[in-house]
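A short worksheet on the structure shown next.
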Amino acid sequence: MDELRELYQALILDHSQHPHNFKVLDSANRTADGHNPLCGDQITLYMTVENEIIKDISFQGQGCAISKASTSIMTTILKGKTVAEARAIFDKFQHMIKTGEYDSNEMGKLAVLAGVHKYPARVKCAILPWHTVVKSLQTDDNSEIFSTE
Amino acid sequence: MSFDINQIRADFPNLRQEVHGKPLVYLDNAATTHKPQAVIDAVSRFYGEYNANVHRALYQHAAEATEAYEAVRDKVANLINAGDRRSIVFTGGTTESINLVAYAWARKNLGPGDEILVTEMEHHSNLVPWQLVARDTGATLRCIPIKTDGTLDLDDSDKYFTSRTKLVAFTHQSNVFGTINPAKEIIELAHAVGAVTVVDAAQSVPHLPVDVTDLDCDFLAFSGHKMLGPTGVGVLYGKPELLESMSPFFGGGEMIQTVTMEKSTWNELPWKFEAGTPKIAQVIGLGAAIDYLNEIGYEAIGEYEKKLTDYTLERLAAVEGMSIHGQAAKRGPVISFNLADVHPHDLAQFLDMEGVAIRAGHHCAQPIMQRLGVPATSRASMYIYNTSEEIDRLVQSIENTRRFMTGN
Ligand SMILES: Cc1ncc(COP(=O)(O)O)c(C=O)c1O
């Protein structure tokens, strides 16, 4: 119980009640929907990508505390990163969420989510926004739906 | 037999388990129920003492297995008052039963211009098969809407039940709202326009006396695992004359009479629809579950569940920020709800830490979630072994979570 409380404490205080970049981005040239049908997590990501740089990023949607906090933190991290950097962070984040192992220099604020690996059913919630971003970066089509099912 | 809750609880080994160091409070019975020792013993006695394939061999155990297997067909026929044992087909579950009707009846009898009528409160397993039939046959899928109280809106029934309606498929009891639908009325409306009816009884047979003769339904489907029985077995009831008129669904052993290289003739009902080695152990386990339910009796079950449901509704309604979905007067022990500012997923995770198992999600009924305008709900569903003390623990855990998550 205490571990769970600790995990949530960090998330809630940080992001899920007051998510960052929680808005529609008018300048976006890429949007992507992420959907976790099993739980009902649903996010729409907006990105302005120019010259392989994520100039701006925001999101809208509804979801559990873990998915919301994960999305919120992700947007603060990815703003200003290159597409290649975003992919590299995604790989490390995915490793951390699945195993709990991470390098705190690399993960920074994302490390508050490391405890999610103890709750395998929730890994999907934390990873949903990242899959959504990576998917939309992969394609030239500017509208994508990513589903975890 | 009187309803002795302590005796009943003692019959279920799983209820003695602890989860995260707390005694288990299992409130996900709409998904699947626990098994009494009698069911576990029946399955293990089959495997341990008279394991054999059915219907084929001449030795002692094969005869015993066949007798045990076929005896359950009579138990099922009695349970739902089917009159004719030939109308009881063993399947893998509700989903398989419905798909059997979709493939072996609907695809053969529907075409462009015909309409299939379902309701807005269907489980995906009584919706998706009909979407596929509509796609393959050119028939149109229509839907009876629900009202905000979680009951069907049958006010303008003329709009839905028309001369084009060929098949009406609906759930007897909602797995989200607990609503018990007026099955007899719907079947009468369907028959008045000449439509065939399919009743999804997955949530009703575990809790209510279901009488297919009185209902006059054409097909009815349910699952063993939601009524104390094993997973992997379900029932399709069909009126014998309809089943008789249908071609087989699966081809293979058991369902044939004579086979040449060119063609085969079919076995009689119900074996025409039971191709291959059937679910012998599961069917025998289902028989033990039916015996167990009959011994308590549906009347006692209904009374006990009603009291417990009323108590749960009352306790939940008093929680701050609580909205309960569905206020049907006639309902079963299934309650869906949302708590303001707490996502169902987070709630279920915290409850798990307290040993309380509820369900969070769309409950295989995404159209209902869309209708309610929520991404997901939490759901507590009770059965004969749950107690008001367990409901107190549910409510206490919800309160604790609410305070923690909202900070007040
Ligand atoms: C109303 C209803 N119909 C159908 C089903 C499907 O049952 P099964 O998964 O056993 O085939 C369920 C079970 O979740 C249900 O609640």
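The values are calculated or read from the model by the stated rules, or taken from the named source; none is laboratory data. Predicted model, so just to flag it, every value in this text is computed and none were measured. With ideal geometry, Cβ positions are generated from the backbone for all residues, glycine too; neighbour counts draw on all protein chains shown. Side chains included, ligands, DNA and RNA excluded: accessible areas come from the protein's heavy atoms. Shrake-Rupley method; radii C 1.70, N 1.55, O 1.52, S 1.80 Å.
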- Task: Quick one: order A:102, B:385 from most to least accessible surface, probe 1.4 Å.
- Result: A:102, B:385
- Task: Taking amide H positions as placed in the peptide plane 1.01 Å from N, state which residues far from residue B:218 in sequence (5 or more) or on other chains have amide H under 5 Å from it.
- Result: B:197
- Query: Per-residue accessible area for residue B:307 at 1.4 Å probe radius, Å² rounded to 10?
  - Reply: 150
- About its Cα centre, how strong a charge dipole does the protein assembly as shown have in debye, to the nearest 20, once Lys and Arg get +1 and Asp and Glu get -1 at the Cβ? 740
- Query: Whole-Å semi-axes of the stretch B:81-145's equivalent ellipsoid, largest first, each the root of 5 times a Cα gyration tensor eigenvalue?
  - Reply: 22, 15, 11
- What is the extension gain from residue B:388 to residue B:188, computed as 0.36 nm multiplied by their sequence separation minus the C-alpha to C-alpha distance, in nm to one decimal? 68.2 nm
- Message: Connecting C-alpha atoms closer than 10 Å in a GNM of chain A, tell me which of A:43, A:57, A:77 has the biggest fluctuation.
- Response: A:77
- On Cα atoms only, tilt of A:2-11 relative to the major axis of chain A in degrees: 30
- Task: Relative to the longest principal axis of the C-alpha atoms of chain A, give the angle of the C-alpha long axis of helix A:83-99, reported between 0 and 90° and rounded to the nearest 10°.
- Result: 20
- Task: Provide the percentage of antiparallel DSSP beta bridges, counting only those with both residues in the stretch B:146-240; round to the nearest 5.
- Result: 45
- Do any trypsin sites (Lys or Arg not before Pro) in the stretch A:13-93 lie in a loop, going by DSSP, with at most 14 other beta-carbon atoms within 10 Å of their beta carbon, and if so which? A:23
- Message: What number does the stretch B:1-157 give for Rg over Rh if you use C-alpha atoms and the Kirkwood radius?
- Response: 1.07
- Give the Cα extents of the stretch A:2-143 along the principal axes, in whole Å, largest first. 44, 30, 24
- Query: Where is the GNM fluctuation largest for chain B (alpha-carbon springs, 10 angstrom cutoff): B:336, B:157, B:204?
  - Reply: B:157
- Message: Over 24 Å between Cα atoms: which of B:35/B:330; B:166/B:239; A:68/A:92 fall into that group?
- Response: B:35/B:330
- Task: Give a residue-ordered list of calculated ³J(HN,Hα) values for the stretch B:54-69 (Karplus: 6.51 cos²θ - 1.76 cosθ + 1.60, θ = phi - 60°; whole Hz; x for Gly, Pro).
- Result: 9, 6, 10, 9, 9, 7, 3, 5, 5, 5, 5, 5, 4, 5, 5, 4
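Just the number, please: Stokes-Einstein D of the stretch B:151-275 in µm²/s, Kirkwood Rh from C-alpha pairs, 20 °C, 1.002 mPa s.
Here the translational diffusion coefficient equals 131 µm²/s.
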- Radius, Kirkwood style, for the stretch B:114-177 when every pair of distinct Cα atoms is counted (Å): 12.1
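For residue B:261 and residue B:85, what does the FRET efficiency come to when R0 = 30 Å and r is the distance between their Cβ atoms, rounded to the nearest 0.05?
The formula returns an efficiency of 0.35 here.
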- According to the Cα gyration tensor, what semi-axes, each the square root of 5 times an eigenvalue, does the equivalent ellipsoid of the stretch B:229-274 have, listed from largest to smallest in whole Å? 22, 15, 7
- Can you give the Rg to Rh ratio of the stretch B:362-408, both from alpha-carbon atoms, with Rh computed by the Kirkwood formula? 1.09
- Between the helical axis of A:123-138 and the dominant principal axis of chain A, each derived from Cα atoms, what acute angle in degrees is found, rounded to the nearest 10? 20
- So what's the Cα pair-distance distribution over the protein assembly as shown, bin width 10 Å, in %? 3, 16, 23, 23, 19, 12, 4, 0
- Net charge dipole size for the stretch B:41-294 [Lys, Arg +1 and Asp, Glu -1 on Cβ; Debye, nearest 20]: 580
- Note on the structure: So the pair-distance distribution of the stretch B:119-221, from every Cα-Cα distance in 10 Å bins, comes to percents of 15, 50, 32, 2
- Task: Mind grabbing the accessible area of residue B:143 for me, 1.4 Å probe, Å², rounded to tens?
- Result: 60
- Query: Looking only at A:104, A:136, A:16, which one moves most when chain A is put into a Gaussian network model with springs between Cα atoms under 10 Å?
  - Reply: A:104
- Task: State the dimensionless ratio Rg/Rh of chain B (Rg: radius of gyration of Cα atoms; Rh: Kirkwood radius).
- Result: 0.99
